[in-house]
Amino acid sequence: MIHTFNLGKNLFWFIVVFTMISTNSYTQLLNSNIKIYFTRPISSKYVIPNMYPYQSGGSIVKQQILDVIKSAKFTIDVCVYNNSDADIVSALKLARNKGLRVRYITDKSTSNPALKNLNFSILYLGNEGGIMHNKFIIADAGYANATLSIGSTNFTPNGFNDDANNLLIINDIPICNAFVKEFEEMWNSSTATPGKNPKSGSQKSDNTPHSFNINEIPIQVFFSPSDQVETNILRQLDNADYNLRFAIFTFTSDSLAEAIVNKKKEGLSIRGITDNNSDFPGKLKYMQDNGVDVIDHSPSSQLHHKYAIIDAEYVDSDPVVITGSHNWTWSANNINDESTLFIHDSDIAKLYSAEFNSRYCELAPWDCNLLKQDIYSNIDVKIFPTLFLNSISILLPEKIQNIAISILDINGKPVFFNKLDSNNLIDLDLSFLSSGSYFIQLQNKSDNYGTFKIIKL
């Protein structure tokens, strides 16, 4: 059965607006049960000040994982592809010595030298040519402090200190219960020891719930290969209205590459980064040849992310982040054990966009102004007066349809958004703005008509 997220645009708009007016974004995220971390720093020029309570740094990511383990009181279930970190292993051993039930699933192809001589059961999985590629921990499932740790990070020196990775810490009983159900399907037991004939790959079934709501943030969870993850990614890409950003370690999927090319032909703004392009048949060249702005991550460290961001700046659409362990490959979709989150939230999408911009601009600094002047020579847009007291007017050519207007303050923080049907003369009441400098951006589904500076007197 294919599970889709049937959230209407109007309902999503209501949720976002309610969240924005009930509290500021910073507080809303701080008080939520979702915390986000990155191993690599995010440039301050892409982050809206005081909005995103994130932290970056490999040591910070590692510490968050250790904190999940050390804070557990009853149970710990680990499901991670590779772990060579002695500190994490020691924390797990200590938890078991304190009487906690500790269970551990890993991939049989990894050496995992840190796992020797442990005092709890370890299950090694992987069959049919696939791998056990998950990277999650569930602590105290079913209890009030139930916590999920999930992301793209393997527990290795490279994973923490060199590669670009992301980590999410989620405190929520229902979502933790879903991950435990997936864990125990592989474990084939609800006890401390694995059952006979554990399951992996195509042996598993689609038996978990997929839709959750965490502090007004809709989240979907899909597991590979049972839950048709690629089909759900394709459906989300098809719903993209304005832009797409993606950072995918290994990208070999014909279907996903074709979908991106088709969205580019529709006029969407698309940028991407892939890393493991030696993995045949990597889709970098195919996308580049078809006009997609996608670049190869060539530094010695890996861009190990597996995320995509859709319509981050457009709350009238469905801003969403897709992230987890799932590379965009045939193996991830069909034979590997993987986990993927779809997070429907504008603020989180903007945070991941800031991370993407930081990684992209390390590789292409010549194309990285936050408020890039991108005015097409054949478009005559007039904004007057640029020095104003209460209102401005925008004169557009008649051929421009469905214009989206965004106003940002001097730090890049959005302060106004509106989407209009065809109207070549637009009058905007901006009396609510404080005096100072602002940037106004004009774009529709197919074009960016420029960024203009205006000053409120």
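Please treat every number below as a calculation from the coordinates, not as lab data. This structure is a prediction, so every number in the text was calculated from the model and none was measured. No Cβ is skipped: glycine too gets one built from the backbone with ideal geometry, and neighbour counts run over all protein chains shown.
Assorted remarks:
- Share of alpha-carbon pairs per 10 Å distance bin for the range 194-345, given as whole %: 11, 40, 34, 13, 2, 0
- Over all other residues within a Cβ to Cβ distance under 12 Å of residue 121, the charged ones net out to +2, with Lys and Arg as +1 and Asp and Glu as -1.
- Förster radius 56 Å - calculated FRET efficiency between residue 190 and residue 457, Cβ distance, rounded to 0.05: 0.25
- A Förster distance of 22 Å, applied to the separation of the beta-carbon atoms of residue 212 and residue 266, puts the FRET efficiency at 0.10.
- Net charge in the neighbourhood of residue 37 (other residues with Cβ under 14 Å of its Cβ; Lys, Arg +1, Asp, Glu -1) is +1.
- Electrostatic bookkeeping for residue 437 treats Lys and Arg as +1 and Asp and Glu as -1; over the other residues with beta carbon under 10 Å from its beta carbon, the sum is +1.
- Restricting the calculation to Cα atoms, every distinct pair contributes to the Kirkwood radius of the range 9-367, found to be 20.5 Å.
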